[in-house]
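Just below is one structure, and these are the notes that go with it.
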Amino acid sequence: MAAGIALTGIVALPSTASAASDVICTYKVNTTAGLNFRSSPSTSATIKSVLAYGKTFTAYRDKTASGSGYVWRQATSGSWYVGQYASQVGSICMTA
C-alpha cells in the first residue's frame, strides 16, 4: 500500500483483532421467541423493538456490557440485546 492511502470498507477481521475504530458485524436472531432490543443493557429497560427468528441486523462486535445476569451487545441502532440470542453471520465485518 502506498504512503498516504487508506483502505476503508469491508475487511475480514478475526474475532481477536483489535482496531482503533468500531467493528460492525452482521448477526442473525437464533431464538424462536424473537430478540428484544432494549434502551439499555437490562431486562427491565424499555423494549424498543423485537426482531423475529432468522432475521439479520448489524451490531458492534466489541461493544458489550453486563447486566441482569447477561452479556449484552449494542446494535448499530443504539439499542441493546442479549448476545447469546444472536449469532454472527460469516466472518466479514466492517470498520466504522
Listed by chain and number, the residues whose amide H is under 5 Å from that of LYS63, excluding neighbours fewer than 5 places away on the same chain and using placed H, are GLN74
Report, as a whole number in µm² per second, the diffusion coefficient that Stokes-Einstein gives for the range 20-95 at 20 °C and 1.002 mPa s using the Kirkwood radius over alpha carbon pairs. 175 µm²/s
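A short reminder: the numbers here are calculations on the coordinates, not readings from a lab. Just so it is clear, the model here is predicted, and its values are computed rather than measured.
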